[in-house]
Amino acid sequence: MHNEMDTFEQFLRTRRLKHSKPRHAIVEVFLASQGHLSAHDLYEQVKHKNPRVGFATVYRTLKLLAEGGLARTMDYGDGTVRYEPDRFQHHHVICTSCNRTVEFLSPELDALLRHVQHDNHFTPKTPAVRILSVCADCQQATPSQSWHGRDFDTIVSRDALQVAIANEQRGMRFYSQGLEVAEDETTRAVFGRLLGEEEGHLETLQQEYERLRQAHAWLDDAPPLLHFDRERLEGIFPNSPQHIVQIVQSASPAAVLYMAMSAEWRSYEFFRDYADKVSYPKGRRIFRQFADEERQHITLIRHAFDVLQDRTHGKPAAGDPA
């Protein structure tokens, strides 16, 4: 762990970032962890070591660990990104029912992956293979208990909070990546403000989510009740770091702000639509609240966009969403 911590400190210096005490505590817990952790899982563990560490700090530190080559990401197919210390190349078999994970090594599989890439003119790398299956215990499990008569409003609230948290994480990632490479001062100011607001919203959501779980001990075992359009959610903000950097660096400042405004508009429409569809009051309130906040973001970006348009005496882009 000592060598890994030194490596991380050197990486932070290349980014001109400080190795703060909260960040040090997060890295210590992560490097000592077993299995595959979501940002929320790590946050829960770090709170026991340092209760003052916020979720946004955990999220940003995980992102830095991944960028510095000390963490790798895993997708279980459930929409949640998980992380593990990147100590050696291995593959995974994942139970889609209980998320039990088996890690394994296979030189034959590694060689096959390299050959397939080489034969199809790809740069040879050895990616981690993710095999989705169902473990023996889950195949033999008794039918799940009925949740009829439970507080469905509370379950929908939990599901709505999870959706909102996922969207805030994507928005935070978008503005964080964009801010790193944006050169125009107006764009940087807008992205910096929106990043701060997304971080604040995320902290509030996490706290509300935790209060809900603590108030209802049975909630963690309750299956999802609200099923939503995951593809639509994932398409709101550009998600690939390479894609975000390419867009921000290649487009004009006005075009970058227009893209951000369009993303916020998609987010507004997403939450507004679900506020109209959800019949349970608590869940509906959460979606309406975030629709209102996204509308405020649109107004903020629109003002900066108009300033840039006036500066260049150009015409507004066609199909203005606002």
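The values are calculated or read from the model by the stated rules, or taken from the named source; none is laboratory data. Computed from a prediction, not measured in an experiment: that's the story for all the values here. Reconstructed Cβ throughout: ideal geometry from the backbone, glycine too, with neighbour counts over all protein chains shown.
Yes or no: region 172-192 includes at least one residue that is buried (at least 19 other Cβ atoms within 10 Å of the Cβ), under 18 Å from Gln296 (Cα atoms) and touching a Ser or Thr at 6+ places or on another chain (Cβ under 8 Å).
No; the residues of region 172-192 include none that is buried (at least 19 other Cβ atoms within 10 Å of the Cβ), under 18 Å from Gln296 (Cα atoms) and touching a Ser or Thr at 6+ places or on another chain (Cβ under 8 Å).
From the list Ala255, Ala275, Ala251, Ala263, which one is buried (at least 22 other Cβ atoms within 10 Å of the Cβ) and more than 15 Å from the chain's Cα centre (by Cα)? Lay out the reasoning, then the answer.
On the way: Ala255 fails: buried (at least 22 other Cβ atoms within 10 Å of the Cβ); Ala275 fails: buried (at least 22 other Cβ atoms within 10 Å of the Cβ); Ala251 fails: buried (at least 22 other Cβ atoms within 10 Å of the Cβ).
Selected residue: Ala263, the only one of Ala255, Ala275, Ala251, Ala263 that is buried (at least 22 other Cβ atoms within 10 Å of the Cβ) and more than 15 Å from the chain's Cα centre (by Cα).
What tally of residues in region 155-164 results from selecting those that are surrounded by fewer than 20 Cβ atoms within 10 Å (Cβ to Cβ) and among the β-branched types (Val, Ile, Thr)?
Within region 155-164, residues that are surrounded by fewer than 20 Cβ atoms within 10 Å (Cβ to Cβ) and among the β-branched types (Val, Ile, Thr) number 0.
Which of the residues that make up region 57-104 are assigned to a loop (DSSP other than H, G, I, E, B), modelled with pLDDT of 75 or more, touching a helix residue (DSSP H, G or I) at 6+ places or on another chain (Cβ under 7 Å) and closer than 27 Å to Val134 by Cβ?
Ser97, Cys98
Sort through Ser267, Ser279, Ser252, Ser262 and tell me the only one that's modelled with pLDDT under 85 and in the same structural domain as Ile165 (by TED's automatic domain parsing). Spell out how you get there, then give the answer.
Details: Ser267 fails: modelled with pLDDT under 85; Ser252 fails: modelled with pLDDT under 85; Ser262 fails: modelled with pLDDT under 85.
Only one candidate qualifies: Ser279.
Within the set of pairs 6 or more residues apart or between chains, which connect a residue that is surrounded by fewer than 16 Cβ atoms within 10 Å (Cβ to Cβ) inside region 209-238 to a residue that is of a type outside the set (A, V, I, L, M, F, W, C) with Cβ atoms less than 6 Å apart?
Here the result reads Pro224/Asp159; Arg230/Gly79, each pair linking region 209-238 to a residue that is of a type outside the set (A, V, I, L, M, F, W, C).
Just need a number here: residues in region 180-196 that are under 15 Å from Tyr59 (Cβ atoms) and among the hydrophobic types (A, V, I, L, M, F, W, C).
Summing the residues that are under 15 Å from Tyr59 (Cβ atoms) and among the hydrophobic types (A, V, I, L, M, F, W, C) in region 180-196 gives 1.
May I ask you to list pairs of residues, at least six apart or on different chains, whose Cβ atoms are under 9 Å apart, with the first in region 43-54 being assigned by TED's automatic domain parsing to the domain that holds Pro22 and the second being in a loop (DSSP other than H, G, I, E, B)?
That search, which allows pairs on different chains as well, returns Tyr43/Val53; Tyr43/Gly54; Gln45/Ser33; Val46/Val53; Lys47/Val53.
Give the residues of region 1-17 that are surrounded by 10 or more Cβ atoms within 10 Å (Cβ to Cβ) and either touching a Leu at 6+ places or on another chain (Cβ under 9 Å) or at pLDDT below 85 (or both), sorted by residue number. I'd like the intermediate steps shown before the answer.
Start the filter on region 1-17 by keeping residues that are surrounded by 10 or more Cβ atoms within 10 Å (Cβ to Cβ), which leaves 1, 4-13, 15, 17.
Within region 1-17, Met1, Glu4, Met5, Asp6, Thr7, Phe8, Phe11, Leu12, Arg15, Leu17 meet the criteria.
Counting just the residues of region 278-299 that are over 22 Å from the mean Cα position of the chain (by Cα), surrounded by 18 or more Cβ atoms within 10 Å (Cβ to Cβ) and not basic (Lys, Arg), which one comes out farthest from Ala166 (Cα to Cα)?
The extreme case among them is Tyr280.
Being more than 17 Å from the chain's Cα centre (by Cα) and farther than 24 Å from Thr204 by Cβ is the filter here; which residues of region 31-58 pass it? Please lay out each step first, then the result.
Of the residues in region 31-58, the ones more than 17 Å from the chain's Cα centre (by Cα) are 31-35, 45-53.
Answer for region 31-58, where residues must be more than 17 Å from the chain's Cα centre (by Cα) and farther than 24 Å from Thr204 by Cβ: Leu31, Ala32, Ser33, Gln34, Gly35.
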